[in-house]
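Participant: First, the structure itself, so that you have it in front of you.
The values are calculated or read from the model by the stated rules, or taken from the named source; none is laboratory data. Everything numeric here is computed off the predicted structure, so don't read it as measured data. Note that we place each Cβ from the backbone using ideal geometry, even for glycine, and neighbour counts take in every protein chain shown.
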């Protein structure tokens, strides 16, 4: 009986560790900054994919498993910037991206990507950033760099965030809170299914600090 209980405990711990690993991002330190040109051919993004800094948006709202729309996110850092790139798979003909100026409310019924950061984990607050296939900056409309490119079957947004935007400069081993999300414009009205998220903890809204997952700064 004792062995059976021990086996159950081991299995629970194993599942818990897998869940934790799936809900975290390990951003690698890079020696060469990526060029923000919408190509994703820099060594920085390859290193992110190799060292745990690449994740996918596998959930819709309310923790429902997502399907049909693929999104990859890459994260890396150096001592000057935090770098994030989205690769959003989607036929160009279905894009809804009429907003071309900073500050526009792209999240209403257009295509967008969104990021949520806190400089501590577990998060106690967050700072939100929003962009779209045109590379606009919304919500926080200044102080960070963004470039977007549209291709036949996907679109890319690359971003660089100077640390003075957060008033915090990370070091190896630091832990921040993070979530990544995406709105698919042509699915507007589909309820939970029009929104995609990295965090499985999101309920009816992303605007909740308890949904932020772990971002670890690694060497």
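Participant: Any idea which of 173, 177, 135 is outside any strand (DSSP E or B), buried (at least 19 other Cβ atoms within 10 Å of the Cβ) and at pLDDT 95 or above? Steps first, please.
Facilitator: On the way: 173 fails: buried (at least 19 other Cβ atoms within 10 Å of the Cβ); 177 fails: outside any strand (DSSP E or B).
After ruling out the rest, the residue left standing is 135.
Participant: Then there's this: For the range 26-46, which residues satisfy the criterion of being more than 24 Å from residue 136 (Cβ to Cβ) and part of a loop (DSSP other than H, G, I, E, B)?
Facilitator: Filtering the range 26-46 down to residues more than 24 Å from residue 136 (Cβ to Cβ) leaves 26-32, 43, 46.
Correct list: 30, 31, 32.
Participant: Filter the range 43-57 down to residues that are within 11 Å of the chain's Cα centre (by Cα) and surrounded by 16 or more Cβ atoms within 10 Å (Cβ to Cβ) and give me whichever is farthest from residue 30 (Cα to Cα).
Facilitator: 57
Participant: So, one more: Tell me which residues, restricted to the range 53-65, are within 21 Å of residue 159 (Cβ to Cβ) and not in a loop (DSSP other than H, G, I, E, B).
Facilitator: Listed by number, the residues that qualify are 54, 55, 56.
Participant: Right, next: Taking the stated definitions as given, is residue 203 part of a loop (DSSP other than H, G, I, E, B) and over 17 Å from residue 25 (Cβ atoms)? Let's see the steps before the verdict.
Facilitator: On the way: part of a loop (DSSP other than H, G, I, E, B): yes; over 17 Å from residue 25 (Cβ atoms): yes.
Yes; evaluated as a whole, the condition is true for this residue.
Participant: Would you be able to tell me the number of residues in the range 111-122 that are outside any strand (DSSP E or B) and more than 24 Å from residue 33 (Cβ to Cβ)?
Facilitator: Within the range 111-122, the first condition is being outside any strand (DSSP E or B), and the residues that meet it are 111, 119-122.
With more than 24 Å from residue 33 (Cβ to Cβ) added as a condition, the list becomes 111, 120-122.
So the count comes out to 4.
Table: residues versus (1) within 19 Å of residue 198 (Cα to Cα); (2) at pLDDT 95 or above; (3) assigned to a loop (DSSP other than H, G, I, E, B).
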{"position": "67", "(1), (2), (3)": "yes, no, yes"}
{"position": "76", "(1), (2), (3)": "yes, yes, no"}
{"position": "85", "(1), (2), (3)": "yes, yes, no"}
{"position": "104", "(1), (2), (3)": "no, no, yes"}
{"position": "109", "(1), (2), (3)": "no, no, yes"}
{"position": "124", "(1), (2), (3)": "yes, yes, yes"}
{"position": "141", "(1), (2), (3)": "no, no, yes"}
{"position": "148", "(1), (2), (3)": "no, yes, no"}
